[in-house]
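Inspection log for the structure reproduced underneath, given as structure tokens.
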Amino acid sequence: MDREDKPILIIGGGMSGITTAIEIAETGKKVVLIEKLPYLGGRVIKMNNYFPKLCPPACGLEINFSRIKRNANIKIMTSSTVEKLSGSKGNFMVQIRTSAQYINSNCTACGDCANVCPVERDNEFNYGLDKTRAAYIPHEMAFPWKYTIDTDVCLGRECSKCKEVCAYDAIDLSCRDKEHTLRVASIVFATGWMPYDASRLENLNYANHPDIITNVEMERLLAPNGPTKGKLQKFSDGKVPKSVAFVQCAGSRDENHLPWCSAVCCSASLKHAMTIAEHYSECIIQIFYIDIRVTGRNEDFLKKAEKIKNIRFIKGKVGKIDIKDKGQKLELIAEDILTGIKTSSQAELVVLATGMQPDDSVAGLVKGLNRENPFIINEWQEDGIYAVACARKPMDVSASLKDATGIALKAIQAMKASVPNT
């Protein structure tokens, strides 16, 4: 195979991976886009809306999914992971494992399998805030559009109720994992980011109270397709909170956790606060912060938020959240940076603005990977391997799209490497 006939491998099917794949494919080059989840869209598909225009996920992803469908140069492999990587620029050998697909492409998404499935699972799409059946469709924009079965909890042939009701011969419970070997010209790590594990912040009691949640969980809580259909509520009793507190830099800019600023947390909390203020005008909102860091067009959100009477800004780092009165009260202990006085405030719902960390589950595939905290540094592009967007540093969606376009060009250039044809 001539090196320019080999595809480019994109590892990660989030917004940056999709954009990189489309930009490459629309130049006429072949692309293989792999994603470990059963669907494309990454973190963006889980958002209520995103900056700078506060678009819902459908705004950008629907168009991109359509572009993928129309382009024969893009091969999609979901529920797939890279097991091994070898070779060099222009001629990599990649081993990929695709997990057992109990439901095949005959699926019409009728839902009969889910209706009879007796097993529940935590809903990964909603960060575990609700449950689905083991046979489920991830969400209403799932791409590819078909049901999937969580093989970790499925009872398999011991149950077979889903197979019995399927009228389209779409279910095979004897299916096994498949292994694929590909030769590719270059590789792009579009592996995205993960929210920091808030349970490690013991002083903030995330693991000990249902009404202490994270910013990504708040995003799902406010989304129309979220666990509460967009209704703001406490998980302890289902009631609308009369007060909400946002704790900025929860674990970020902290040598014991994440020493960097994730760049987007302040903007996200401002967005959440303004959404709550718009729909729940009686709710008192407090934002505890070290510094408010917003850039570009997002500065408008800060100016607007400062004018809303029920949003209060407190310049102070929250050192502790106490659970009082048998869980009925949440007390935030902070030092007011401007006065040096320790303050105590109460809130019915607390949102921890945890930071971004790169999903480095496949980083060990490359020896000598140049990393910093622990993002991938693109100083080794001559090797034909690249990192894009949040795999290399925290970015918002807009910046990630721009980065993806640039990396697409560099990945194409790697196909010109002077290596022997194979």
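The condition (being in contact (Cβ under 8 Å) with a residue 12 or more places away in the chain and part of a strand (DSSP E or B)) is satisfied by just one residue among GLY327, GLY316: GLY316.
Scanning region 259-287 for residues that are assigned to a strand (DSSP E or B) and closer than 23 Å to MET47 by Cα turns up ILE285, GLN286, ILE287. Tell me, please, whether a residue that is surrounded by fewer than 20 Cβ atoms within 10 Å (Cβ to Cβ) and either touching a Leu at 6+ places or on another chain (Cβ under 6 Å) or more than 26 Å from MET15 (Cα to Cα) (or both) can be found in region 242-249. The answer is yes, given that some residue of region 242-249 is surrounded by fewer than 20 Cβ atoms within 10 Å (Cβ to Cβ) and either touching a Leu at 6+ places or on another chain (Cβ under 6 Å) or more than 26 Å from MET15 (Cα to Cα) (or both). Here ALA114, ALA109 are screened, and the one residue that is more than 16 Å from GLU179 (Cβ to Cβ) and in a helix (DSSP H, G or I) is ALA114. Flag: TYR50 matches the condition of being within 26 Å of SER400 (Cα to Cα), modelled with pLDDT under 95 and crowded, with 16+ Cβ neighbours inside 10 Å. Selection of first residues in region 112-138 that are in contact (Cβ under 8 Å) with a residue 12 or more places away in the chain and closer than 20 Å to ILE45 by Cα and of second residues that are surrounded by fewer than 17 Cβ atoms within 10 Å (Cβ to Cβ) and among the acidic types (Asp, Glu), restricted to Cβ pairs under 6 Å at least 6 apart or on distinct chains, gives the following pairs, ordered by first then second residue: ASN123/ASP130. Among the criteria (1) of a type in the set (Ser, Thr, Tyr); (2) under 25 Å from ASP359 (Cα atoms); (3) touching a residue at least 40 places away in the same chain (Cβ under 8 Å); (4) out of contact with any Lys or Arg (no Cβ under 6 Å at 6 or more places or on another chain), the one SER86 does not fulfil is (3).
Please work out if PRO374 is at pLDDT 90 or above and either closer than 20 Å to ASP197 by Cα or among the aromatic types (Phe, Trp, Tyr) (or both). Criteria not met by PRO374. If you filter region 288-313 down to residues that are assigned to a loop (DSSP other than H, G, I, E, B) and modelled with pLDDT of 90 or more, you find that the one that is nearest to ALA334 (Cα to Cα) is ILE290.
Tell me yes or no: at least one residue of region 359-368 is farther than 23 Å from ASP197 by Cβ, at pLDDT below 95 and under 21 Å from the mean Cα position of the chain (by Cα). Within region 359-368, none of the residues are farther than 23 Å from ASP197 by Cβ, at pLDDT below 95 and under 21 Å from the mean Cα position of the chain (by Cα). Taking the listed residues SER252, SER186, the one that is crowded, with 20+ Cβ neighbours inside 10 Å and within 20 Å of the chain's Cα centre (by Cα) is SER252, with no other qualifying.
What about LEU9, is it crowded, with 19+ Cβ neighbours inside 10 Å, over 27 Å from TYR127 (Cα atoms) and at pLDDT 95 or above? Judged against the criteria, LEU9 is a match. In region 1-54, the residue that is farthest from GLU299 (Cα to Cα) out of those that are in a loop (DSSP other than H, G, I, E, B), of a type in the set (D, E, K, R) and more than 17 Å from the chain's Cα centre (by Cα) is ASP2.
The values are calculated or read from the model by the stated rules, or taken from the named source; none is laboratory data. Since the model is a prediction, treat every value here as computed from it, not as a measurement. Every residue, glycine among them, receives a Cβ derived from its backbone with ideal geometry; neighbour counts consider all protein chains shown.
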